[in-house]
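Contents: one structure, followed by commentary.
The values are calculated or read from the model by the stated rules, or taken from the named source; none is laboratory data. Remember, it's a predicted structure, so these values are computed and weren't measured experimentally. Using ideal geometry, Cβ is built from the backbone for each residue, glycine included, and neighbour counts are taken over all protein chains shown.
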Amino acid sequence: MTGPGTQSQSKLVRWIDYRLPIFTFMRHELNEYPTPRNLNYWWNFGSLAGIMLVIMMVTGIFLAMQYTPNVSDAFDSVERIMRDVNFGWLLRYLHMNGASFFFIVVYVHLFRGLYYGSYKEPRELLWMLGVIILLLMMATAFMGYVLPWGQMSFWAATVITNLFSALPVVGPKVVGWLWGGFAVGNPTLNRFYSLHYLLPFLIVGVVGLHLIALHQHGSNNPLGIDRKGPQDSIPFHPYYTVKDMFGLGVFLIAYAVVVFYFPNLLGDTQNYVPANPLQTPPEIVPEWYFLPYYAILRSVPDILFIPAKLAGVLCLFGAIGVLFFLPWLDTSRVRSARFRPVFKWVFWLLVIDVVALGVCGAHRPEGLYIIVGRLATLYYFIHFIVLFPVIGWLERPLPLPTSISAAVTKTSSGPLAAASSVEKR
């Protein structure tokens, strides 16, 4: 059914599109964008990450309107947001728990990429941009954690910024620049507030590059093989928009349950105490999404002539830096772990290793925890630097399907069935 309103709208759209082809761009990138027909729900987490970024930015902007970046008033301004600002408690809980849910989504997205080989040619830059986004997220989250100016905020800022002092020559200067003085104080809080507000917009820019790189060669898929023709693709809309909306609904239910019923489940009660530079908390523990890296930092002993503090800092940054080189460390030509029986089991060892690091990071570095932390740290680097290339050279992968469509339509026999039977075992 069409009418004068529809026709005038079409004329308006055509008028705008002729001068600024934004509608053509959206139609091409969202509606006509060819997508592998076999994507599963693990591919929902990319869009969920984008939605969480928007939620975090919107809630953060409204919170910034009421926050006071001053060491004398920061804690009280957060309490005022919680008590006096209309729906301020909701904005803060959405933002505070949103950080955890954002990292959950991104970590699942990252491990999915590892399992299905989404970092391999020709998607190397796509992967590297994703690692840059992860680094920017970590920096943004750390600075945001300092802003409430509670006990854990203050002491986390003191401990983490002090790490840079271990760097030769430039370390003390970096620490002085971060502090803006001789200790963590008001200049530090102002710097962190400014950067916490600025970095999300930088993340948006890198996400834009990430999407451009994604659309250049298209999405990877569970089989890890390239699309052979139109029979292997379906339009992104409406098939995957509906799938993403379903996944978003399930995700928002879990998010809402935490926000409304368990808002402090993932936080630390020490941060509800105003910052006191004269009283150190009994335990200084970062947020859960930093715990594996915190365990690496504390577990590393002296290495030859490198003191433990500097070695821990180098391994901490190396744990992220090694991800940049995965496209070249993995020597196998097969992408998906479905067809790599040895790599698949080693992948799950990595998952267990990261969980073990997280548990060790939540406890004091003593007794069994320091032993497990050191072994888990050693395995983490062996996994990427040694096992990735060696498995690629020695492993005999299963035969790949001839095409995505052939694998999707073949249910009882063939390479996909063989791979599925191996996975079930």
key: Verdict on Tyr272 being among the hydroxyl-bearing types (Ser, Thr, Tyr), modelled with pLDDT of 90 or more, within 25 Å of Thr188 (Cβ to Cβ) and in the same structural domain as Ala141 (by TED's automatic domain parsing)   = yes
remark   = Across (1) over 19 Å from the mean Cα position of the chain (by Cα); (2) surrounded by 14 or more Cβ atoms within 10 Å (Cβ to Cβ); (3) not in a helix (DSSP H, G or I), Leu314 clears everything bar (3)
ask   = Among the residues of segment 238-269 satisfying the criterion of being among the β-branched types (Val, Ile, Thr) and in contact with a helix residue (DSSP H, G or I) (Cβ under 7 Å, 6 or more places away or on another chain), which is surrounded by the most Cβ atoms within 10 Å (Cβ to Cβ)?
value = Val259
inquiry  = Within segment 88-111, does at least one residue satisfy the condition of being in a helix (DSSP H, G or I), exposed (fewer than 14 other Cβ atoms within 10 Å of the Cβ), among the aliphatic types (A, V, I, L, M) and touching a residue at least 12 places away in the same chain (Cβ under 8 Å)?
reply    = no
note = When (1) in contact with a helix residue (DSSP H, G or I) (Cβ under 9 Å, 6 or more places away or on another chain); (2) under 23 Å from Val184 (Cβ atoms); (3) not β-branched (Val, Ile, Thr) are applied to Leu278, the one that fails is (1)
inquiry  = Can you pull out every residue in segment 47-66 that is touching a Lys or Arg at 6+ places or on another chain (Cβ under 9 Å) and surrounded by 20 or more Cβ atoms within 10 Å (Cβ to Cβ)?
reply    = Leu63
inquiry  = Residues that are within 30 Å of Glu29 (Cα to Cα) and among the aliphatic types (A, V, I, L, M): list the helices (runs of 4 or more DSSP H) wholly contained in segment 144-247 that include at least 1 such residues.
reply    = 186-217
inquiry  = Could you check segment 117-126 and list, in sequence order, the residues that are part of a helix (DSSP H, G or I) and either surrounded by fewer than 21 Cβ atoms within 10 Å (Cβ to Cβ) or modelled with pLDDT under 95 (or both)?
reply    = Glu124, Leu125
ask   = Identify, please: which residue in segment 179-198 is of a type in the set (A, V, I, L, M, F, W, C) and surrounded by 18 or more Cβ atoms within 10 Å (Cβ to Cβ) and is, among those, nearest to Gly50 (Cα to Cα)?
value = Phe192
query = Across segment 276-288, what is the number of residues that are part of a loop (DSSP other than H, G, I, E, B) and either within 29 Å of the chain's Cα centre (by Cα) or more than 14 Å from Ala157 (Cα to Cα) (or both)?
reply = 9
ask   = From the set of residues in segment 24-43 that are among the aromatic types (Phe, Trp, Tyr) and within 13 Å of Ser219 (Cα to Cα), which is modelled with the lowest pLDDT?
value = Tyr33
ask   = Hey, any hits in segment 325-332 for a residue that's hydrophobic (A, V, I, L, M, F, W, C), more than 25 Å from the chain's Cα centre (by Cα) and at pLDDT 95 or above?
value = no
request  = Say whether the condition of being modelled with pLDDT under 95, within 26 Å of the chain's Cα centre (by Cα), surrounded by fewer than 15 Cβ atoms within 10 Å (Cβ to Cβ) and outside any helix (DSSP H, G or I) is met by at least one residue in segment 10-22.
outcome  = no
query = Given the structure, is Phe142 surrounded by 19 or more Cβ atoms within 10 Å (Cβ to Cβ) and touching a strand residue (DSSP E or B) at 6+ places or on another chain (Cβ under 6 Å)?
reply = no
task = Using the structure shown, decide if Ala295 is more than 18 Å from Tyr369 (Cα to Cα) and part of a helix (DSSP H, G or I).
result = no
inquiry  = Can you tell me which residue is surrounded by the fewest Cβ atoms within 10 Å (Cβ to Cβ) among those in segment 23-38 that are hydroxyl-bearing (Ser, Thr, Tyr) and under 26 Å from the mean Cα position of the chain (by Cα)?
reply    = Tyr33
key: Options Val206, Val174, Val131, Val184; residue that is β-branched (Val, Ile, Thr) and without any contact (Cβ under 8 Å) to a residue 12 or more places away in the chain   = Val174
Odd one out for Pro301 among (1) surrounded by fewer than 15 Cβ atoms within 10 Å (Cβ to Cβ); (2) part of a loop (DSSP other than H, G, I, E, B); (3) out of contact with any helix residue (DSSP H, G or I) (no Cβ under 6 Å at 6 or more places or on another chain) = (3)
task = Please indicate, with yes or no, whether at least one residue in segment 192-204 is over 30 Å from Lys344 (Cα atoms), more than 25 Å from the chain's Cα centre (by Cα), among the small types (Gly, Ala, Ser) and assigned by TED's automatic domain parsing to the domain that holds Asn162.
result = no
message = Name the single residue that is surrounded by the most Cβ atoms within 10 Å (Cβ to Cβ) among those in segment 361-394 being of a type in the set (Phe, Trp, Tyr), within 16 Å of Leu114 (Cβ to Cβ) and touching a residue at least 60 places away in the same chain (Cβ under 8 Å).
response = Tyr380
